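What follows is one structure encoded as structure tokens, with my remarks underneath.
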Amino acid sequence: MRKGSKRCFFMDYIRSRGEEIDRILLYAFLIFAFALFIIVPFHAKTLKVGIAQNKPKVYWDEQGNPSGIFVDILDYIAEQEDWEIEYQKAAWDENLQLLESNQLDLVADVAFTTDRDKIYEFHQIPVLFSWTQIFARKGFQISRLEDLNGLRVAALKNSVQASLLQEMGKGLHLDITVVTATSFDEVLALVRDNKASAAATNYHFGKLNARRYNLEETDILFEPSSLHFAAPKGRHIDILKTIDKHLADQKRRPDTQYYRILKKHTSEEHEHGIPIWLIWGSLALISVTILLLVTVIIFRHQVHKRTAELKRANQDMEKRIEERTEELSLAMHKAQVADMLKSAFLATMSHELRTPLNSVIGFTGILLRQMPGPLNDEQKKMLSIVQNSARHLLSLINDVLDISKIEAGELELHMKEIELVPIIEDVFALINPQAEEKGLELNLRVSDHPRFIIVDERRFEQVLINLMGNAVKFTFQGKITLSYYAENNFLILRIEDTGIGIPNEMLSKLFQPFMQVDMGIDRKFEGTGLGLFISRKIIEMMGGSIEVQSEPDKGSCFTIKLPLSPQETPCENESC
Amino acid sequence: MRKRVLLIEDNPENFFLMQYLLEKGGFQVMGADNGWLGIEMALFNIPDIILLDIQLPGMDGYTVMRRLRSTPELAKIPIVAVTSYAMAGNRELALQNGANGYIEKPIDPDAFTGQIEAFLNSSNTEVPK
């Protein structure tokens, strides 16, 4: 009850004072408006700025707000300088006309040309640089300027692109018909609707929008131009100078608002290019592929290892193998389905794994060199361990990747003629520190013939490093000798060691994946057992073979046989 | 006068790694984490050499190289591609697209600045090993 009466009283009060409040509000408004009228012209300049539709440089977003790189940059400067900005929407050539008749103070995104410099006022430091790029319908073969001969090419009316095409056509004696439209969207639409064969736009707009019109970018990219704000001739020189001052200041360092604005609008471009679901989808698929591949490799390994045990064991166990094999074939089938993604997976995986490793190895190296400051012995020792482990991890990644490539049939070789001695010397230089550490002698028996061989240089080097590395790893005293000679148009290269050797029963399995000479429980060697498998595959792909002879406790000898080129003599004139 | 290096690399750790080595080696380092920014910075403050990662977000390294080469002010600046060897043919692709040289990750801290000096001192067309 009391509450009710209180409320009534309040309402009455409001009602009785209503007229008075209205009047006060009216006065207040009038005073405010008058104050605004007086203060604003002294307080801030209102600049009328014309912008056309040209995403991401300048455009009107879906809500009708002015947006884009030029707008953000001008807004930023305006905030610092207390300017008021009023953006006006117009077609491109309309903007230029309004500027000429002093109806606009500035137009954003104007490419500087000497002709325009005569009729407009420009500031000095470019806001952006742009290129002209040619876009064509998908599948339309245009890759050089000459391909435009006899074609109709669409461009924006009164734009730099339009005049450039005319000039270039004349200069290169090409018959180019330039068709113009009043917005970039219409320019692209002309090509889509078959009214022109190609379109010339700035590359920012084209790249962002070509797909919507079913067009694709061509390799034709020309005429870098600098983009500015333009004012009517002889006017707003102080404003243009202020814009220059801010741009100079902003462009000096990478962490300024200017670069943040650029990044904001270009990463938008990036998002438009690849939809986010596709990125997540691919990531998910890549993860599944990784899992599958790892599963396949692990299953194979296990099946191999266990088959020998199980044969001796009972039938029960055999049943389990069957189950395993079934799982394996299922996994294999799934892996085949994912085959399409394999190349993408390889590229991504290798890059993704190596990128962090690069910084681990790099920074450990920096610390070990004591560049940031001195280390004590304990720290040095620990960091050396980190470095060795990281290098080891890197070589494991390389091995697994090579295996995947070999199994996917994607290992590409780049065969060319190389000199034999330098590459062997490089390998020796690399292996020598490890050999010295173990007190082993490295011998190289150089021969005059052959001097040259046709191989994939990197892969050949990889095989030599693997074989020499193995020799050092499995040898504890004595020496390692590399020798070579030519025989029946083949290179025969031998790597002999005085190491632990390989038992007879292991010899035949040596080149299979995951095989390593097992010396019982007291000795274990680092490595995946993938190196020899990869080496053999590489040599076979180059048309050669690897063989091994060995005697336990005496040593091993690996022999590489590779075909020599038909002309084994070096090329001395250009005709060969 | 210290030589100016423009480093275009999107991975912050690797960026810092190379920046550290270059600055210790007496270079002045400018940086960008995407190709577009890289070209802008190169035009604003012409570098003596450009180190370029291939797998960049948005515009990839090959495209960046082509754009650099087709821009008159930047066409002559030596470009060194810095990337992991990963896929066969990366090196060839980089050289075809306008790189003067190629450094593989992982970077060797002992050799890195020496390699850059070598690229700077060699003529524009030769690729030091």
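Here, each number is a calculation from the coordinates, and none is a lab measurement. What you see is a predicted model; the values in this text were computed from it and never measured. Positions of Cβ are generated from backbone atoms using ideal geometry, with glycine treated the same way; all protein chains shown enter the neighbour counts.
Structure summary
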{"item": "Number of partner chain Cβ atoms within 10 Å, mean per residue of B:103-115", "result": "4"}
{"item": "Per-peptide average of other Cβ atoms within 10 Å, ordering A:387-399, B:62-74 highest first", "result": "B:62-74, A:387-399"}
{"item": "Convex hull projection area averaged over all views, the stretch A:278-407, Cα basis, nm²", "result": "11.8 nm²"}
{"item": "Over 30 Å between alpha carbons, listed pairs A:Lys416/A:Lys537; A:Lys509/B:Lys105; A:Lys305/A:Lys416; A:Lys48/A:Lys157; A:Lys380/A:Lys554", "result": "A:Lys509/B:Lys105; A:Lys305/A:Lys416; A:Lys380/A:Lys554"}
{"item": "Within straight-line cross-link reach of A:Lys45, lysines at Cα separation under 22 Å, skipping those fewer than 8 residues along the same chain", "result": "A:Lys89, A:Lys233, A:Lys241, A:Lys245"}
{"item": "The stretch A:370-463: mean projected area of Cα convex hull, nm²", "result": "9.3 nm²"}
{"item": "Formal net charge of residues neighbouring A:Thr481 (Cβ-Cβ distance under 11 Å; K, R +1; D, E -1)", "result": "0"}
{"item": "Radius ratio Rg over Rh of the stretch B:4-121, counting only Cα atoms, Kirkwood formula for Rh", "result": "0.92"}
{"item": "Most to least packed among A:487-495, B:51-59 [average Cβ atoms within 10 Å]", "result": "B:51-59, A:487-495"}
{"item": "Peptides A:311-320, A:227-236 ordered by average Cβ neighbours within 10 Å, highest first", "result": "A:227-236, A:311-320"}
{"item": "Charge dipole of the stretch A:278-407 about the Cα centre (unit charges at C-beta), most positive-ward option of A:Val360, A:Val288, A:Pro374", "result": "A:Pro374"}
